[in-house]
Every structure is written in C-alpha cells, then in structure tokens.
Amino acid sequence: MNSTTTNSFLRSIDPVNLQQLLMASRALSSTLDLQQVLSLVINVAAELTNSKSASILMVESETDKLRFVATNGESQLVGVLVPMNSLAGWVVQNNKTYVSHKLKEEKQHYKGIELMTGMVHHSLLAVPLHHKGEVLGALEVLKVSGDEYTDHDLAVTQALASQAAVAIANARLFQQSDAIAEVMHELKTPLMGIMAALELLERDDLKEPQRRHIVHNMRAETQRMTKMTQDFLELSRLEAGRIRLEWEPVDLRKVIEAVMHAQAPQATQSEIQMAVFYDRNKPLPKISGDADRLKQVLMNLVSNAIKYNRTGGKVAIKATTMRENSHECVKLTVVDTGQGIAPEDVKRLFERFYRVPGAEGFADGSGLGLSIAKKIIEAHNGRIVVESELGKGTAFHCILPVAV
C-alpha cells in the first residue's frame with residue numbers, strides 16, 4: 001500500500017477509530033515481542049470492526065500453506081494449517097482484500113474451521129499483510145450475524161494491516177537474530193570442551209582409563225548440544241505458532257499417573273519420595289488440550305523438582321479446582337522440598353537458557369525446558385506461576401481453564 005492510498009484511507013476513518021489506530025501504532029512500534037504484536041493486532045481489528053473474531057494467518061514456506069498464528073476467538077485454531085486454495089490463500093496469492101457477506105456459499109471457504117470450532121460465520125473481511133514486496137500472511141475478521149462489513153470497516157482494517165505487517169516483520173527479524181545469537185553463545189562452551197578433549201586424545205601418553213573418561217565426557221557434551229538444538233527448534237516453533245496442538249478432552253488423572261510412573265526410577269535413584277494429592281474418588285474436571293504436551297510440561301517440572309532436591313527430599317503433584325475471572329480452572333502444582341530459588345532468580349526462570357546461579361552442577365539440561373513449558377501452558381489459555389523460598393523448596397502452579 002503506497003502512502004497516497006494510506007492517506008486516503010485515513011481520511012475516511014472517523015476520529016474515534018483514527019485515535020484507536022494511532023494508539024495501536026504507538027503500541028506496535030514500542031515492542032519487538034512477536035506474540036505481543038500478534039495479540040494486539042487481532043484485538044484491535046476485532047474492536048474496530050465490531051467482529052466476533054479476528055485471526056492472523058502466516059505463510060509457511062516449508063508446507064506452502066497458511067498457518068493460524070493468533071486468534072482472539074477460538075484458541076484451538078492456533079497452529080492449524082490452511083491450504084492456499086482457501087479464501088485466505090487467495091488474499092495472499094493476489095495481494096488483494098476479500099470481502100464476503102455470504103461466506104457459507106463461498107466455494108473456497110475452508111470448511112475445516114467451522115468443523116473444529118462449531119461456529120458458523122456469515123461475513124468475512126480478509127486483508128493481506130504486505131511488507132517490502134512480500135506478502136507475509138493475512139488478517140481476517142469475521143461476523144456470525146447478518147451484519148455486513150462497510151467501507152469504513154475496510155478502511156480501518158487495511159490501515160491496521162499496513163502497520164501490522166511492518167511490526168510483524170521487525171519482530172520476526174529481531175526474534176531470529178536474537179535467538180541465533182543466544183544459541184550460538186550456549187553452544188560455544190561445549191564445543192570448546194570437545195575440541196580440548198580431541199587434542200588430549202591425540203596424545204600418545206594417554207592411559208586407557210583417561211581415554212575412556214574423555215570419550216564419556218565428549219559423548220555427554222554432544223548429547224547436550226543435540227538436546228539444546230532440538231529444544232531450541234521446538235521453542236522457536238512454539239513462539240511462531242507453528243506447532244499444532246491436538247485439541248481433545250484431557251483426562252488429567254491419566255496424565256499425572258503417567259508422569260509419576262515415568263519419573264519413579266529417577267526419584268528412587270536420587271532417594272526422593274514422590275506423592276500425589278487429589279481426590280481419587282472424584283474425577284478431575286476435564287480440560288481441552290493436548291495430553292502429550294501437558295505431560296511434557298509436568299515431566300519437565302517433576303524432573304527439575306527431583307534434580308534440584310536434596311537427598312531424602314519430597315516431590316508432590318497436587319490437583320485442585322479454583323475459579324479465576326469467573327471461570328472454573330484446574331490448578332496442577334508440582335512442589336518440592338529442595339534448596340529453593342531467590343526472588344531475583346524467580347523473575348528470570350522462564351528466560352531462554354537462564355540457569356539459577358550455583359545450580360550448574362545439578363543438571364545438564366538445555367536451559368530451555370521452562371521456556372517451552374510456559375509456551376505450552378499459554379497455548380492452552382493458561383498460565384504458570386512460581387512460588388519459592390530459599391531453604392524450603394519451590395512450587396510451580398499450572399492454571400488451566402476447564403473445558404466448557
């Protein structure tokens with residue numbers, strides 16, 4: 001969109017919406033966090049056009065499809081792939097806006113969305129996200145009633161999309177450069193260790209026990225680098241909304257029992273007592289989500305609770321119900337009797353590659369497990385909270401909404 005076209009759009013926008021756009025523009029320019037950018041854009045788009053829902057789909061070069069990366073209505077859509085022969089695909093391929101007020105009659109409308117959400121939409125307005133000669137994806141707003149999109153709706157959405165494309169491109173560029181620098185920094189230490197070990201192996205006077213010890217250490221460092229790169233790729237995909245969650249009713253009791261069974265050998269080896277606290281005579285409320293991903297989160301939290309514990313310590317998983325913002329939720333808590341974490345370190349626990357000072361000797365993980373856990377819980381519309389006291393232990397609370 002050139003500056004002349006943009007100015008003509010802005011002149012057709014009423015003062016209230018123009019003020020909203022200007023505020024959104026300032027907010028978009030003040031952050032390089034991709035998720036914040038995406039969330040801001042869809043919320044503003046829905047509000048400006050009085051739409052039931054808004055979504056952003058991004059082009060995925062590996063599959064030549066579009067992927068839902070953000071939506072303010074149906075969270076289960078995040079990660080879903082949409083073919084290029086859909087309406088959103090037409091918008092991207094032609095770099096043109098598309099408006100429909102009889103969506104169910106559109107042959108290119110991707111019916112899989114309605115099957116997943118149970119929501120039948122009446123009107124659609126889809127705008128390309130165009131930046132520097134490239135169409136990054138599409139911004140969609142949808143209505144379920146008989147209301148139709150007006151020329152004013154078109155103007156505000158196109159103006160917002162123009163700003164959003166720039167913000168998304170900048171956030172993605174920053175995310176890539178920042179993340180690459182981080183992972184290269186983390187890989188440098190084990191690589192230097194392996195290089196030093198190789199030089200030692202070349203010595204003729206090296207005895208066999210020393211040689212076996214060096215080879216063992218090299219193998220451990222290689223495995224750590226492999227785990228680090230795998231976790232980094234997974235975290236990058238989660239942050240970009242490119243990992244699809246399998247949405248289905250989740251039996252949390254089965255998830256908890258599977259985690260306890262899998263972690264029992266590690267606990268026994270470390271002389272840690274494990275326990276579960278919930279009413280076994282009463283089924284836990286079901287949540288909607290991906291059981292394997294939630295198991296991954298609990299596995300990470302329990303594994304850490306064992307690693308950072310003291311000999312003869314305890315680890316427990318608790319499941320309780322609570323209400324938050326008038327919604328029923330399940331709170332899964334992993335609590336330990338370990339060394340605890342200082343307040344200044346608690347604030348940084350979910351940063352990529354962050355390790356609590358003094359804990360380096362306890363574990364040889366990638367430093368990405370908690371970052372991944374946080375992203376998975378947030379993808380389930382939940383949140384994760386940490387409580388800790390030095391010398392007494394730590395509790396991680398995963399709060400997840402109950403399926404309606």
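The values are calculated or read from the model by the stated rules, or taken from the named source; none is laboratory data. If you're wondering where the values come from, they're calculated on a predicted model, not measured in any experiment. Every residue, glycine as well, gets a Cβ built from its backbone with ideal geometry; the counts of neighbours run over all protein chains shown.
For the reader, a short list of remarks on this structure follows.
- Scanning region 140-170 for residues that are among the charged types (D, E, K, R) and under 23 Å from SER86 (Cβ atoms) gives GLU140, LYS143, ASP147, GLU148, ASP153.
- Being under 24 Å from HIS380 (Cβ atoms), in contact with a His (Cβ under 9 Å, 6 or more places away or on another chain), outside the structural domain of MET58 (by TED's automatic domain parsing) and not polar (S, T, N, Q) is a description that applies to ASP290.
- Restricting attention to region 264-295, the residues being basic (Lys, Arg) and more than 29 Å from the chain's Cα centre (by Cα) number 2.
- Given (1) part of a helix (DSSP H, G or I); (2) surrounded by 13 or more Cβ atoms within 10 Å (Cβ to Cβ), number of the condition ILE243 does not satisfy: (1)
- Of the criteria (1) at negative phi; (2) part of a loop (DSSP other than H, G, I, E, B); (3) not aliphatic (A, V, I, L, M), which one GLY79 fails: (1)
- GLU387 being surrounded by fewer than 16 Cβ atoms within 10 Å (Cβ to Cβ), at pLDDT below 85 and not in a helix (DSSP H, G or I): no
- Of the residues making up region 25-32, at least one is touching a helix residue (DSSP H, G or I) at 6+ places or on another chain (Cβ under 9 Å), surrounded by fewer than 17 Cβ atoms within 10 Å (Cβ to Cβ), assigned to a loop (DSSP other than H, G, I, E, B) and of a type outside the set (S, T, N, Q).
- Verdict on ILE56 being modelled with pLDDT under 80 and at negative phi: no
- Of the listed requirements (1) within 30 Å of ALA70 (Cα to Cα); (2) buried (at least 18 other Cβ atoms within 10 Å of the Cβ), ASP251 misses just one: (2).
- Here LEU235 passes the criteria (1) farther than 21 Å from ILE372 by Cβ; (2) of a type outside the set (Phe, Trp, Tyr); (3) out of contact with any strand residue (DSSP E or B) (no Cβ under 8 Å at 6 or more places or on another chain) except the one numbered (1).
- With respect to (1) crowded, with 21+ Cβ neighbours inside 10 Å; (2) under 17 Å from the mean Cα position of the chain (by Cα), the lone exception for LEU349 is condition (1).
- Residue within region 187-197 that is in contact with a Pro (Cβ under 6 Å, 6 or more places away or on another chain), surrounded by 11 or more Cβ atoms within 10 Å (Cβ to Cβ) and within 17 Å of GLY367 (Cβ to Cβ) present: no
- Test: residue in region 356-375 that is at pLDDT 90 or above and touching an Asp or Glu at 6+ places or on another chain (Cβ under 6 Å): no
- Of all residues in region 271-295, those being modelled with pLDDT of 90 or more, part of a loop (DSSP other than H, G, I, E, B) and out of contact with any strand residue (DSSP E or B) (no Cβ under 8 Å at 6 or more places or on another chain) number 1.
- Residue check for LEU298: within 15 Å of the chain's Cα centre (by Cα) and either farther than 24 Å from LYS318 by Cα or in a helix (DSSP H, G or I) (or both): no
- Subset of region 308-331 (residues that are out of contact with any helix residue (DSSP H, G or I) (no Cβ under 8 Å at 6 or more places or on another chain) and outside any loop (DSSP other than H, G, I, E, B)): LYS314, ALA316, LYS318, THR320, THR321, MET322, ARG323, GLU324, HIS327, GLU328, CYS329, LYS331
- Within region 121-167, considering residues that are of a type in the set (A, V, I, L, M) and touching a Lys or Arg at 6+ places or on another chain (Cβ under 7 Å), the one modelled with the lowest pLDDT: VAL144
- Checking LEU252, LEU245 one by one, the residue that is in contact with a His (Cβ under 8 Å, 6 or more places away or on another chain) and either over 24 Å from ARG383 (Cα atoms) or not small (Gly, Ala, Ser) (or both) is LEU245 and no other.
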